[in-house]
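Worksheet: one structure, shown below.
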Amino acid sequence: MESRVPRDGSRSEADSKQRKTVLSIGVKELLEAGVHFGHQTKRWNPKMKKFIFDARNGIYIIDLSKTLAQLEAACDFLAKTVGKGGRVLFVGTKKQAQEAIKESAKSCAQLYVTERWLGGTLTNLKTIKRSLGRLKQIEKMDADGSINNYVKQEQSALRREAARLFKNLDGIRTMDSLPDAMFVVDIKREHNAVAEARRLKIPIVAIVDTNCDPDLVDFPVAGNDDAIRSVRLILSVIMQTITQARAEYDAKYARRKEQAATEPSAKESAETAQAPAPAPAAETAVSVYMPEITAALVGKLREITNAGLMDCKKALTESQGDLDSAVDILRKRGVATAAKRAGREAKEGVIAQHIQPGARVGVLAEINCETDFVAKNETFRAFCDEVAKTLAANPSADLEAARTAQIAKIGENIKISRHQRLEVQGNGLIAAYIHTGAKVGVLVEVGAGQESTVANDTFKQLVRDITLQIAAANPIAVSRDQVDPAIIAKEKEIAEEQVKGKPPQAIAKIVEGKLEKYFQSFCLLDQGFVKQNAEITVKEHVAGIAKQLADEIVIRRFIRFQVGESFAA
């Protein structure tokens, strides 16, 4: 079956301009409902790889950003289908989905199957209709009392037959023709239903878990199909979309019927045509200009602001088609969105860095968001890189407008928690290192006595090795003399308390030994050089490179950020 949209949920520009559905949920709601939990890594379908975010504790984690895009595409399709008078068949016979499917389908007046998929429900609709006719016949007999004409054994047999038919066919008793679309929970379990729909080329929307084949359906929505909360959340969005589309269709149909009923007869029309036209009233003489909000104009505004289609259309209507005013309206709404989300915790995020050309100025910044999924989102990462670049050029730059615009775009609270900037004093280099996952970042300044040393590859490699050392060993100071005296006093007090009761002549030596271990653990120059398995200290390694280059090399200062440290503090 040929898919109508790319299976990763992405859309072309033309498709985006036609999109009408704006989802009422975001990544956070999907995360809270457990939609991101897939199956065990040993139970998966390789075709689902592009929808998988990562594997944690032997469980695949689904990329919810793609799930959200797929859900939006599915809702677009269902809205258009129901908006034209089409019907949707909901299918889900597993216990976790039965009640949710039935409630959702009844709420939006659609068809459903929750007990057992009878073979031929779609491909042999004639037989199904015959069974439905039999059910209606027995129910009519029971209602008018004609069933009492049979003996008790026959009455019991008829009622059992009616109960069986009602159990299996109640949800599709109004299905006089094939449905226009099908929504399925767990396509592996409902493989017969999927096969029949594919054979009849009925479009399929389905929740697709990591053990399923997404190529079997037209509109896959990657997500957990085993958890009740997950199924209910996705069904609630589908139900809202269908209910709204059905209401619009009914309103349109009612207007047409009303117009047809009130349309004047041909004779009345002729008489009206011959009668002189009444003079226009004074209050109706002035016409109000209302510009046409074209798809191209809406698309242009979306391209500028990246806002939702309906938001852009409303903004253009309010501004009477003025693009600049519409941009201002959406920016103001972005600020309102940011204010609404400001109270939500943003403890995930990344460390971003930027080194200016020449490596004499560098910045390290921590930007936080609410979820780890957004922290790994490419759009969010690009925003963080731009923040670091701006702060490197101007440490006091006002980034509030960019932050609030990003909140409106991504849908999560974002905070620029902290940043620090280093600039070389004299000869030297600034270098940065961001550890895998961007959860730890390091910025260091290493100085040299001669300008020629700075351009030397050996010196550049040393500077990079120092950044790796700081990221791995987490020192608190470059050398002992930079350690806060209050910290030294506290460590000394702790050491003395630990050796209380020892002979006085031994206490001083033990305390001195414990302080020495502390310095070796937390002073950069005293730490064992990680790259050489701690066989020499960082100080000895730097001295060796300085001797090789015949120059004086000094580690002047460093910054080390780790995501969440500022909250812990």
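Condition first: loosely packed, with under 14 Cβ neighbours inside 10 Å, under 20 Å from residue 53 (Cβ atoms), out of contact with any Pro (no Cβ under 6 Å at 6 or more places or on another chain) and modelled with pLDDT of 85 or more. Can you find one or more residues in region 401-419 that meet it?
Among the residues of region 401-419, not one is loosely packed, with under 14 Cβ neighbours inside 10 Å, under 20 Å from residue 53 (Cβ atoms), out of contact with any Pro (no Cβ under 6 Å at 6 or more places or on another chain) and modelled with pLDDT of 85 or more, which makes the answer no.
Among the residues of region 143-158, which ones are surrounded by 15 or more Cβ atoms within 10 Å (Cβ to Cβ) and of a type in the set (D, E, K, R)?
Those that are surrounded by 15 or more Cβ atoms within 10 Å (Cβ to Cβ) and of a type in the set (D, E, K, R): none in region 143-158.
Given the criteria at pLDDT 90 or above, in contact with a Leu (Cβ under 9 Å, 6 or more places away or on another chain), hydroxyl-bearing (Ser, Thr, Tyr) and in a helix (DSSP H, G or I), does residue 81 qualify?
For residue 81, the condition - at pLDDT 90 or above, in contact with a Leu (Cβ under 9 Å, 6 or more places away or on another chain), hydroxyl-bearing (Ser, Thr, Tyr) and in a helix (DSSP H, G or I) - is not met.
What is the one condition in (1) modelled with pLDDT of 90 or more; (2) closer than 22 Å to residue 528 by Cα that residue 456 does not satisfy?
(2)
Among the residues of region 358-407, what is the count of those that are under 18 Å from the mean Cα position of the chain (by Cα) and hydrophobic (A, V, I, L, M, F, W, C)?
11
Can residue 200 be described as open to solvent by 10 Å² or more (accessible area, probe 1.4 Å) and either among the hydroxyl-bearing types (Ser, Thr, Tyr) or under 22 Å from residue 80 (Cβ atoms) (or both)?
When the stated conditions are applied, residue 200 passes them.
Residue 100: closer than 30 Å to residue 253 by Cα, open to solvent by 20 Å² or more (accessible area, probe 1.4 Å) and modelled with pLDDT of 90 or more, yes or no?
No; evaluated as a whole, the condition is false for this residue.
Residue check: is residue 546 in a helix (DSSP H, G or I), of a type in the set (Gly, Ala, Ser) and touching a Lys or Arg at 6+ places or on another chain (Cβ under 6 Å)?
no
With respect to residue 315, is the statement that it is open to solvent by less than 80 Å² (accessible area, probe 1.4 Å) and at pLDDT 80 or above true?
yes
Restricting region 128-155 to residues that are polar (S, T, N, Q) and modelled with pLDDT of 90 or more, which is farthest from the chain's Cα centre (by Cα)?
Among residues in region 128-155 that are polar (S, T, N, Q) and modelled with pLDDT of 90 or more, the one farthest from the chain's Cα centre (by Cα) is 137.
Looking at region 526-536, which of its residues are open to solvent by less than 40 Å² (accessible area, probe 1.4 Å) and either assigned to a helix (DSSP H, G or I) or in contact with a Phe, Trp or Tyr (Cβ under 8 Å, 6 or more places away or on another chain) (or both)?
526
Return the pairs, sorted by first residue and then second, in which the second residue is of a type outside the set (A, V, I, L, M, F, W, C) and open to solvent by 10 Å² or more (accessible area, probe 1.4 Å), the first residue lies in region 185-200 and is under 12 Å from residue 123 (Cβ atoms) and in contact (Cβ under 8 Å) with a residue 24 or more places away in the chain, the beta carbons are less than 7 Å apart, and the residues are 6+ apart or on different chains.
192/119; 196/123; 199/123; 200/123
Quick one: in region 179-197, which of the residues that are in a helix (DSSP H, G or I) and either touching a Phe, Trp or Tyr at 6+ places or on another chain (Cβ under 7 Å) or of a type in the set (A, V, I, L, M) (or both) is most open to solvent (accessible area, probe 1.4 Å)?
Here the answer is 192.
What are the residues in region 205-224 that are under 15 Å from residue 189 (Cβ atoms), part of a strand (DSSP E or B) and within 17 Å of the chain's Cα centre (by Cα), if any?
Correct list: 207, 208.
In region 403-410, is there at least one residue being hydroxyl-bearing (Ser, Thr, Tyr) and out of contact with any helix residue (DSSP H, G or I) (no Cβ under 7 Å at 6 or more places or on another chain)?
No, region 403-410 contains no residue that is hydroxyl-bearing (Ser, Thr, Tyr) and out of contact with any helix residue (DSSP H, G or I) (no Cβ under 7 Å at 6 or more places or on another chain).
Could you check region 399-508 for strands (runs of 3 or more DSSP E) lying wholly inside it with 2 or more residues that are over 21 Å from residue 525 (Cβ atoms)?
In region 399-508, 415-423 are the strands (runs of 3 or more DSSP E) which contain 2 or more residues that are over 21 Å from residue 525 (Cβ atoms).
The values are calculated or read from the model by the stated rules, or taken from the named source; none is laboratory data. In this text, all values refer to a predicted model and were calculated from it rather than measured experimentally. FYI the Cβ positions are ideal-geometry reconstructions off the backbone, even for glycines, and counts take in every protein chain you see. Protein only, heavy atoms only, side chains kept; ligands, DNA and RNA dropped before computing areas. Shrake-Rupley method; radii C 1.70, N 1.55, O 1.52, S 1.80 Å.
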